[in-house]
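Here the structure is laid out as structure tokens; the discussion comes afterwards.
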Amino acid sequence: MVRKIAILTSGGDAPGMNAALRVCIRAGLYYGKEMYVIYDGFRGLVEGDIHQVNKDFTQDIINRGGTIIRSARLPEFKEPEVIKKAIDVLTDFEIDALIGIGGDGTFRGLNDLAKAGFPCVGVPATIDNDVGSTDQTIGFSTALNTICDCIDKLKDTSSSHQRCSLIEVMGRHCGDLAMYAALAEGAEGVICVEHPLKKEQLFKKLRKMKAQNKNHAIIIVSENLLDINALAAEVEKETGFTARTEVLGRLQRGGSPTANDRILATRLSARAIDIVIKEEGSKIVGMKNNAVVDYPIQDAVNMKHEYVHGLRDLIDMLQ
Ligand code: F6P
């Protein structure tokens, strides 16, 4: 029978990780389990930074951004000796199961532990929304709102100066933040893997807007694709707009989680505890069509996040 459950957060932090942690701890305690937290993700696991917690630990964290048990990236957490060390530590602490809150990198780490025989459950949390086994990750909704807040503000100053703003958003290799932000902001352009740059088309449109004396133009660009400063220089040369660039960076990862992220974190984490207690094996939980689902971990890590059908057409129609 499962007696002791440990939880860690790993990879890039995401708003709602604390809400997920809170539910894991409270639900576990509700079922009479001993609950443990691991600081600094897989690094803390390997170093044995593991502490028993009670309900007080979860006071007033549902609305807090970041992760109170901190996060880290540990690229070497795939090497057999590092995995073995982690399992030795978990065994020493008599932990029966591990819950990892994070993105696809976290799930690969959990999968390695699971392959070595240790029961693990993953809860998807990353602002990128790039996890195949869920329609939405914890943190995406908050990051999207943050981006929209920033662009709303930028529109004020862009209008005052009749500028074109090029805004780089996160997403690693997934264009969801860019595309949803473009829809929510009525942006003039969006450039991401799913909606690649068509330079001539974009410049033509900006030239037309300039000729019509439009106040501003907003172009949203996904990270890791192109040099936005070089593109801004081309926009100036080709369209007559003065251009400015903004890289929103890690501020997209901060802030109090939206209600949507808190509810998502609550539903997914409650199911994660359920899986652990019922000893259903190593799994990843997710949300599909507004229902909580789960997949065996070895299947989940190979699932690709699907582009939402029709989004691109909607963007093209409305630009
Ligand atoms: O995965 C989340 C994320 O914020 C990505 O969007 C971004 O590419 C990456 O993390 C940045 O990671 P770090 O803060 O470790 O540089």
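Looking for something among the aliphatic types (A, V, I, L, M), open to solvent by 10 Å² or more (accessible area, probe 1.4 Å) and touching a helix residue (DSSP H, G or I) at 6+ places or on another chain (Cβ under 6 Å) - is there at least one such residue anywhere in the stretch 217-229?
Checked against the condition, which is being among the aliphatic types (A, V, I, L, M), open to solvent by 10 Å² or more (accessible area, probe 1.4 Å) and touching a helix residue (DSSP H, G or I) at 6+ places or on another chain (Cβ under 6 Å), the stretch 217-229 yields no hits at all.
One residue is enough: does the stretch 237-249 have a residue meeting the conditions within 15 Å of the ligand (Cβ to nearest atom), surrounded by 15 or more Cβ atoms within 10 Å (Cβ to Cβ) and within 30 Å of Val292 (Cβ to Cβ)?
Within the stretch 237-249, not a single residue is within 15 Å of the ligand (Cβ to nearest atom), surrounded by 15 or more Cβ atoms within 10 Å (Cβ to Cβ) and within 30 Å of Val292 (Cβ to Cβ).
Does Ala230 qualify as being more than 26 Å from Ile127 (Cα to Cα), more than 16 Å from the ligand (Cβ to nearest atom) and within 30 Å of the chain's Cα centre (by Cα)?
Yes; evaluated as a whole, the condition is true for this residue.
Which of the numbered conditions does Ser256 fail, given that it passes all the others? Conditions: (1) touching a Pro at 6+ places or on another chain (Cβ under 9 Å); (2) closer than 28 Å to Asp96 by Cα.
(2)
Among all residue pairs at least 6 apart or on different chains, which show Cβ distances below 6 Å where the first residue, located in the stretch 89-110, is not assigned by TED's automatic domain parsing to the domain that holds Tyr39 and the second is modelled with pLDDT of 95 or more and open to solvent by 10 Å² or more (accessible area, probe 1.4 Å)?
none
If you take just the strands (runs of 3 or more DSSP E) that sit entirely in the stretch 152-267, which of them hold at least 3 residues that are in contact (Cβ under 8 Å) with a residue 60 or more places away in the chain, β-branched (Val, Ile, Thr) and on the phi < 0 side of the Ramachandran plot?
Filter on the stretch 152-267 gives 242-247.
Going by the structure shown, is Val301 open to solvent by less than 50 Å² (accessible area, probe 1.4 Å) and out of contact with any Phe, Trp or Tyr (no Cβ under 9 Å at 6 or more places or on another chain)?
No, not satisfied.
When you check Asp13 against the structure, is it in contact (Cβ under 8 Å) with a residue 40 or more places away in the chain, among the acidic types (Asp, Glu) and buried (at least 17 other Cβ atoms within 10 Å of the Cβ), yes or no?
Yes; evaluated as a whole, the condition is true for this residue.
On the basis of being over 25 Å from Glu188 (Cα atoms) and among the hydroxyl-bearing types (Ser, Thr, Tyr), does Thr245 make the cut?
No.
Return only the number of the condition from (1) within 16 Å of the ligand (Cβ to nearest atom); (2) part of a loop (DSSP other than H, G, I, E, B); (3) not hydroxyl-bearing (Ser, Thr, Tyr) that Gly281 does not satisfy.
Only one criterion in (1) within 16 Å of the ligand (Cβ to nearest atom); (2) part of a loop (DSSP other than H, G, I, E, B); (3) not hydroxyl-bearing (Ser, Thr, Tyr) is unmet by Gly281, namely (1).
The values are calculated or read from the model by the stated rules, or taken from the named source; none is laboratory data. Note that the coordinates shown come from a computational prediction; the quantities given were computed from them, not determined experimentally. Methodologically, a virtual Cβ is constructed for each residue, glycine included, from the backbone with ideal geometry; neighbour enumeration extends over all protein chains shown. Side chains are part of the model used for accessible areas, which takes the heavy atoms of the whole protein and leaves out ligands, DNA and RNA. Shrake-Rupley method; radii C 1.70, N 1.55, O 1.52, S 1.80 Å.
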